[in-house]
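The structure appears below as structure tokens.
Each value in this text was obtained by applying a stated rule to the coordinates, not by laboratory testing. Being a predicted model, the structure only gives us computed values, none of them experimental. Cβ sites come from the backbone with ideal geometry, for glycine too, and all protein chains shown count toward neighbours.
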Amino acid sequence: MSGRLTAPPQDRRRTTQPGHSATVRAWVALAFYPLSFVAAFVVGEGLLSWYGYSDQGAPLWATVAAAGPALLIFVIPGIFAVAYGLQAVRQGNREGQTPALVGVAVGAGMIGMNVVAGVIAALT
């Protein structure tokens, strides 16, 4: 007996399943939604004021011209989440579906809310 009470050294490297890093990247992409929301708001309002209109009195063409780039900026994290999530699924990690679906749901929800708000504003 040598008096050693510790176990022999083991390999401490983590073994991860295929697609794990792509799944992590997809979740990290979703974390950028708050930043893209602020950037989209600044761009949308900035374009409206650059066209010479306020938020309430803008014609339809100005609203669409400002909302298009703003919504595109907003959905960028969702696009990356879907791309990385699907990459994880292709690599065999089904957990990548969850951030991909969240990215689609948040992006589609924001686009849907803006379309409904625009239609309601046009009808009133």
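Just a few scattered comments:
- With the gyration tensor restricted to C-alpha atoms of region 18-79, the semi-axes of the equivalent ellipsoid amount to 32, 9, 6 Å, longest first.
- For region 72-124, the equivalent ellipsoid derived from the alpha-carbon gyration tensor has semi-axes of 31, 9, 5 Å in decreasing order.
- Against the chain, whose longest principal axis is taken from its Cα atoms, helix 97-123 shows a tilt of about 10°.
- Normalising the Debye intensity of the chain to I(0), with uniform scatterers on Cα atoms only, and taking log10 at q = 0.18 Å⁻¹ returns -0.90.
- Protection proxy ranking, peptides 53-60, 107-114, 19-26, average beta carbon neighbours within 10 Å, highest first: 19-26, 107-114, 53-60
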